[in-house]
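S.K.: Shown below is the structure under consideration.
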Amino acid sequence: MLTLPALMMLGMPADVANATNRIGVLLQSLTGAKGFRDNDRLDSSAILPILVPTLGGALVGSLAASYLPVWLLKPTLLVAMVSMALVMLLRPEVVAPPDGTVPFRVKDKPLAALGLFFAGVYGGFVQAGVGFILIAALAGGLRYDLVRSNALKLVCTAAFSVVALAVFILRDQVLWLPGLMLAAGTVVGAMLSVRFAIHVPQTTLKWILFVMVSMTCAAAYFFG
């Protein structure tokens, strides 16, 4: 939601900006996921079970994007994020499980798998803001703490980006120089953010997430 307008300010058409932006998203996600793995915060055993419904949804979303206008899905995002912000404010334990909570497996929580599927649908459709929906499914549905939820979220967004970037490259919509310059900044940001997320309390992360969701919802309402 920050980088796409920045790329369009350089004169890129929206489709080219969206394609070019995926370079940064991919490298940022890979860098962040590696950082969490190196600090033993990435549940590697859960990656495949989580990616199956998520990528299935991403395929559906990508196909839908070929036929439907983006504005049809924007209200869904706004409602989902407003609901998440209210849950964090009124029942924070839902999105930020207590320390020591044992996460569920995907096969034991069909509703969480459904949430991952719909997050994939949205991610395949437009990408922007999908991280908040993934965190809701991972922390709220599978009961991962926010750090491990963020680690798995990055794996999911990397998977989205590989598929999307391949399509955009085949359609010759990627501008590599500005994309790699943007990626350099996102990689540095990912490295710093991993260190920050690992060393701050869950309560701090909860409030940061709440503020970010609220600001994103306000921006979508007033400027979207």
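S.K.: Principal axis lengths of the range 134-224 from Cα atoms, whole Å, largest first?
M.R.: Result, largest extent first: 44, 32, 26 Å.
S.K.: On to the next question. Report the calculated FRET efficiency for A166 and S83 (r = Cβ-Cβ distance, R0 = 35 Å), to the nearest 0.05.
M.R.: Calculated value: 0.60.
S.K.: Measure off 7 Å from each Cα along the Cα-to-Cβ vector at S45 and W176, then give the distance between these two points in nanometres to one decimal.
M.R.: 4.2
S.K.: Output wanted: per-residue J couplings in Hz (rounded whole) for the range 154-165, from phi through Karplus 6.51 cos²θ - 1.76 cosθ + 1.60, θ = phi - 60°, x for Gly and Pro.
M.R.: Result, rounded to whole Hz: 5, 4, 5, 5, 5, 5, 3, 5, 4, 5, 5, 5.
S.K.: Follow-up. Mind giving me the nanometre distance, one decimal, between the label points for V187 and D38, set 7 Å out from Cα along Cα→Cβ?
M.R.: Simple spin-label model gives 1.2 nm for this pair.
S.K.: Under a Cβ-Cβ cut-off of 14 Å, what is the net charge of the residues other than Q28 that fall near it, where Lys and Arg count +1 and Asp and Glu count -1?
M.R.: Counting the neighbours of Q28, the net charge comes to +3.
Values in this text are rule-based calculations from the coordinates and carry no lab data. From a predicted model like this one, the values you see are computed outputs, not experimental measurements. Backbone-built Cβ (ideal geometry, glycine too); neighbour counts: all protein chains shown.
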